[in-house]
């Protein structure tokens, strides 16, 4: 089963990389961008007997390694 995990900073957590990207876009002439938040994407191929099992295993991976749950949120998108 294929999965995609999106990891983003929680609201209220400062995002200096997003701020730098916002400034760079402005200096390149892209107007109208009010805010940029950056994150990470992980593509995984997981052997599981069901979507529920795959999602549970991936959630464990996120909690232990892929996301710093103190400052980051994650979401899981499963694909067949």
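What follows is calculated from the coordinates using simple rules that are stated; it is not laboratory data. Just so we're clear, the structure is a prediction, and the values are computed from it rather than from any experiment. Heads up, the Cβs are rebuilt from the backbone with ideal geometry, glycines too, and the neighbour counts pull from every protein chain shown.
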Fill in: Scope region 1-26; condition surrounded by 14 or more Cβ atoms within 10 Å (Cβ to Cβ) and more than 28 Å from residue 56 (Cβ to Cβ); matching residues
15, 18, 19, 21, 22, 25
Discussion item. I need a count of the residues in region 27-39 that are out of contact with any helix residue (DSSP H, G or I) (no Cβ under 8 Å at 6 or more places or on another chain) and either surrounded by 13 or more Cβ atoms within 10 Å (Cβ to Cβ) or closer than 19 Å to residue 66 by Cα (or both).
Written reply: 1
